[in-house]
1. Can you find a residue that is in contact with a strand residue (DSSP E or B) (Cβ under 7 Å, 6 or more places away or on another chain) and part of a strand (DSSP E or B) anywhere in the stretch 203-222?
2. Got at least one residue in the stretch 17-26 being farther than 19 Å from LEU139 by Cβ and within 16 Å of the ligand (Cβ to nearest atom)?
3. Across the stretch 102-129, what is the number of residues that are assigned to a helix (DSSP H, G or I), aliphatic (A, V, I, L, M) and surrounded by fewer than 24 Cβ atoms within 10 Å (Cβ to Cβ)?
4. Between VAL127, VAL73, VAL84, VAL120, which is more than 20 Å from ILE224 (Cα to Cα), touching a residue at least 40 places away in the same chain (Cβ under 8 Å) and within 12 Å of the ligand (Cβ to nearest atom)?
5. Of these, SER143, SER162, which one is assigned to a strand (DSSP E or B) and either in contact (Cβ under 8 Å) with a residue 40 or more places away in the chain or under 17 Å from ALA52 (Cα atoms) (or both)?
6. Taking the options ALA158, ALA145, ALA141, name whichever one is crowded, with 23+ Cβ neighbours inside 10 Å, away from the ligand (no atom under 16 Å from the Cβ) and within 14 Å of the chain's Cα centre (by Cα).
7. Exactly one of (1) more than 16 Å from the ligand (Cβ to nearest atom); (2) assigned to a loop (DSSP other than H, G, I, E, B); (3) within 17 Å of the chain's Cα centre (by Cα) is unmet by ALA132. Its number?
Amino acid sequence: MGSNKDIELIKDGKRIDGRDFDELREIKIKAGVLKRADGSAYLEWGKNKVMAAVYGPREMHPRHAQETTKAVVRARYNMAAFSVPDRKRPGPDRRSIEISKLISEALEKVVFTEKYPRSVIDVFVEVLQASAGTRCCGLTAASVALADAGIPMSDLVASCASGKIEGQVVLDLGKNEDNYGQADLPIGYIPRSDELCLLQMDGNLSEDEYEEAMDMSIEACKEIYEIQKEALREKYSTELQAEKLNEEEM
Ligand code: UDP
């Protein structure tokens with residue numbers, strides 16, 4: 001977040017990429033793309049490209065990290081060195097540790113962890129190409145990957161950010177909007193129970209702007225939720241068709 005008067009973010013009532021104030025970038029999700037993961041999802045969201053892979057539940061190592069009454073959801077968010085214009089130094093940094101933690105905590109809210117004491121459910125989020133909003137991409141893809149792994153959950157988590165540019169509240173900040181805007185408010189939303197499992201804010205919003213941003217994000221999360229469910233439906237209907245063909249051949 002930073003203000004730069006030379007960068008124009010709104011022109012003729014539209015944003016620089018031509019979007020309306022309450023319009024999402026295009027989102028595509030494909031479930032079950034990795035053979036060796038228990039569950040996976042690949043997501044494209046605007047120019048972001050993110051892969052999520054789930055392994056487990058499996059026995060937690062090291063053992064001292066085990067929880068006797070529940071499984072631990074252990075997410076690791078990583079940005080590929082080539083995912084951003086300036087090469088990203090490989091390995092964890094403060095930002096990726098923070099994002100890993102918030103993804104883990106958000107997913108713990110929907111996974112029935114008490115079914116798997118002493119276990120760990122590993123969730124890997126690999127950002128292949130980044131263009132603002134990667135934590136929302138990661139959380140959205142990871143929850144599809146968990147469902148694809150067949151892990152019992154109360155619901156999916158859909159995630160999206162709203163923010164403020166040139167005094168205007170807008171949905172789903174793009175790269176320049178994120179860099180030169182005035183606020184960014186990512187949320188994680190559980191549609192079935194109408195609850196939040198992630199809320200962060202960078203920059204400043206008035207109470208009214210906050211309400212407006214929140215309403216926009218929740219509406220958008222409901223749209224994203226439909227895309228997530230469709231990705232899972234698509235995966236399983238294709239699988240069922242393949243099984244049927246196999247049976248017919250036998
Ligand atoms: N970014 C970057 N290099 C970095 C970290 C981030 O170029 O080391 C870019 C990337 O496009 C990212 C954006 O800055 O999506 C915004 O980062 P932020 O920390 O706000 O998280 P995000 O919006 O991706 O959840």
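1. Yes, the conditions are met somewhere in the stretch 203-222.
2. If we filter the stretch 17-26 for residues that are farther than 19 Å from LEU139 by Cβ, which is where we start, we get 17-23.
Keeping just the survivors that are within 16 Å of the ligand (Cβ to nearest atom) gives 17.
Looking through the stretch 17-26, at least one residue is farther than 19 Å from LEU139 by Cβ and within 16 Å of the ligand (Cβ to nearest atom).
3. Initially, the stretch 102-129 is screened for residues assigned to a helix (DSSP H, G or I), giving 102-108, 113-115.
So of that shortlist, the ones also aliphatic (A, V, I, L, M) come out as 102-103, 106-107.
Remaining after also requiring surrounded by fewer than 24 Cβ atoms within 10 Å (Cβ to Cβ): 102.
The qualifying residues number 1.
4. Working: VAL127 fails: more than 20 Å from ILE224 (Cα to Cα); VAL73 fails: within 12 Å of the ligand (Cβ to nearest atom); VAL120 fails: within 12 Å of the ligand (Cβ to nearest atom).
Just a single option satisfies the conditions, and that option is VAL84.
5. Working: SER143 fails: assigned to a strand (DSSP E or B).
Just one listed residue meets the conditions, SER162.
6. Details: ALA158 fails: away from the ligand (no atom under 16 Å from the Cβ); ALA141 fails: away from the ligand (no atom under 16 Å from the Cβ).
Of the residues listed, the single one that is crowded, with 23+ Cβ neighbours inside 10 Å, away from the ligand (no atom under 16 Å from the Cβ) and within 14 Å of the chain's Cα centre (by Cα) is ALA145.
7. (1)
Table: residues versus (1) among the small types (Gly, Ala, Ser); (2) surrounded by 14 or more Cβ atoms within 10 Å (Cβ to Cβ); (3) away from the ligand (no atom under 15 Å from the Cβ).
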{"residue": "GLY167", "(1), (2), (3)": "yes, no, yes"}
{"residue": "GLY174", "(1), (2), (3)": "yes, yes, no"}
{"residue": "ASP194", "(1), (2), (3)": "no, no, yes"}
{"residue": "CYS197", "(1), (2), (3)": "no, yes, yes"}
{"residue": "GLU207", "(1), (2), (3)": "no, no, yes"}
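Read-outs throughout are calculated quantities, based only on the coordinates presented, and are distinct from any laboratory measurement. Remember, it's a predicted structure, so these values are computed and weren't measured experimentally. Cβ sites come from the backbone with ideal geometry, for glycine too, and all protein chains shown count toward neighbours.
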